[in-house]
Amino acid sequence: MWAPDPEMRVAVHQPVFLPWPGFFYKAIRADCLVLLDTVQFPRGFTWLTRNRIKGPDGEVWLRVPVLRKGRGLQRIDEVRCLPESRWRKKHLETFVHCYGKAPFFQETFSDLERIYEIPQNRLLDVNLPIIDLLWHGLGVERPYRLLSSLGVTGQGTALMASICESLGADRLVAFRLARPHLDERLLSDRGITVEWFPLPSPVYPQLWGDFARDLSAIDILFLYGPYARRILDRAK
């Protein structure tokens, strides 16, 4: 019989590309963040393949091109990147253009360059090393797990409940914005409480003029390096 741990908090999120600070706030509030690598890849706009940084002329979108045509419904861990590598070179050139004058450019860019130089075929294998870089750079101490490692299946709220049960957790940590999409009664019936929290958005000095909200957290790492966690803590 499942016996929940009253001290265990779990959060879930998709393994997005160049995550924004909110992704890491969720990780910090939980004992374990589960990345949903085996759920369906969205058909339309998705943060799994794109995100924003900031340059001299304002916000800049970086996008990982992926194969969609003729592939039907795909799980996230099945999505393949476009085989040609010009987009990798373009991303690196854009980082140089946007952050070449940042205080911690060299340290952060060297790590990114090592990631981009490895010609990964799967989108997941592009996103996870970047998540790892930011995870450690922002001082997140608790681990994350891949859904594929837990051996659970399901959809929607039922999947969230199964994830909590598999990890022995009795609490699910979630943004308040997600409230309309979760069935709290179903979770309660399975002994799980939801801890809702507002989405904090750190405000900090940036390069290139007026502040731009909720950029990729790589913006913070380029600017503050080993002091990046202080930016997150100040916003909490």
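Please enumerate the residues belonging to the stretch 17-40 that are of a type in the set (Ser, Thr, Tyr) and under 13 Å from Leu124 (Cα atoms).
Thr38
Assuming Glu93 fulfils every condition listed in (1) acidic (Asp, Glu); (2) within 18 Å of Ala228 (Cα to Cα); (3) part of a helix (DSSP H, G or I) apart from one, which condition is it?
Going through the list (1) acidic (Asp, Glu); (2) within 18 Å of Ala228 (Cα to Cα); (3) part of a helix (DSSP H, G or I), Glu93 breaks only (2).
Just name the residue that is nearest to Val79 (Cα to Cα) out of those in the stretch 23-48 that are in contact with a helix residue (DSSP H, G or I) (Cβ under 7 Å, 6 or more places away or on another chain) and in a loop (DSSP other than H, G, I, E, B).
Phe41
Every residue, every condition in (1) surrounded by 16 or more Cβ atoms within 10 Å (Cβ to Cβ); (2) under 19 Å from the mean Cα position of the chain (by Cα), yes or no:
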site: Val10; (1), (2): yes, yes
site: Asp37; (1), (2): yes, yes
site: Phe45; (1), (2): no, yes
site: Leu48; (1), (2): yes, yes
site: Gly70; (1), (2): no, no
site: Leu73; (1), (2): no, no
site: Val79; (1), (2): yes, yes
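I'd like to verify a number: residues in the stretch 49-64 that are in a strand (DSSP E or B) and β-branched (Val, Ile, Thr), how many?
2
Please go through the stretch 134-167 and pick out each residue that is modelled with pLDDT of 95 or more and basic (Lys, Arg).
Arg145
In the list Thr49, Thr94, Thr38, which residue meets the criterion of being modelled with pLDDT of 95 or more, closer than 15 Å to Leu112 by Cα and among the polar types (S, T, N, Q)?
One residue alone meets the criteria, Thr94.
Looking only at residues that are of a type outside the set (A, V, I, L, M, F, W, C) and surrounded by 13 or more Cβ atoms within 10 Å (Cβ to Cβ) in the stretch 122-142, which one is farthest from Asp219 (Cα to Cα)? Show your work before the answer.
Filtering the stretch 122-142 down to residues of a type outside the set (A, V, I, L, M, F, W, C) leaves 122, 125, 127, 129, 132, 136-137, 139, 141-142.
With surrounded by 13 or more Cβ atoms within 10 Å (Cβ to Cβ) added as a condition, the list becomes 122, 125, 127, 129, 132, 137, 139, 142.
Working: Arg122: 25, Asp125: 21, Asn127: 16, Pro129: 17, Asp132: 15, Gly137: 12, Gly139: 15, Arg142: 22 Å.
This residue is Arg122.
Let me confirm something: among Arg176, Arg185, which residue is of a type in the set (D, E, K, R), more than 17 Å from Arg75 (Cβ to Cβ) and either surrounded by 14 or more Cβ atoms within 10 Å (Cβ to Cβ) or modelled with pLDDT of 95 or more (or both)?
Only one candidate passes the filter, namely Arg185.
If I filter the stretch 97-113 down to residues being out of contact with any helix residue (DSSP H, G or I) (no Cβ under 7 Å at 6 or more places or on another chain) and part of a helix (DSSP H, G or I), which single residue comes out as surrounded by the fewest Cβ atoms within 10 Å (Cβ to Cβ)?
Looking at the filtered set, the residue picked out is Ser110.
Here's a check for you: in the stretch 179-203, which residue that is among the hydroxyl-bearing types (Ser, Thr, Tyr) and more than 20 Å from the chain's Cα centre (by Cα) is nearest to Ala102 (Cα to Cα)?
Thr193
Among the residues of the stretch 73-87, write down those that are part of a loop (DSSP other than H, G, I, E, B) and without any contact (Cβ under 8 Å) to a residue 40 or more places away in the chain.
Listed by number, the residues that qualify are Leu73, Gln74, Leu82, Pro83, Glu84, Ser85.
Filter the stretch 188-225 for residues that are surrounded by 14 or more Cβ atoms within 10 Å (Cβ to Cβ), of a type in the set (A, V, I, L, M) and closer than 21 Å to Val140 by Cβ and give the result.
Leu199, Leu215, Ala217, Ile218, Ile220, Leu221, Leu223
Could you check, for the stretch 119-138, whether at least one of its residues is of a type outside the set (S, T, N, Q) and more than 18 Å from the chain's Cα centre (by Cα)? Spell out how you get there, then give the answer.
Keep residues of the stretch 119-138 that are of a type outside the set (S, T, N, Q), which gives 119, 122-126, 128-138.
Checking the rest, the ones that are also more than 18 Å from the chain's Cα centre (by Cα) come to 119.
Yes - at least one qualifying residue is present in the stretch 119-138.
The values are calculated or read from the model by the stated rules, or taken from the named source; none is laboratory data. Source: prediction; values computed, not measured. Backbone-built Cβ (ideal geometry, glycine too); neighbour counts: all protein chains shown.
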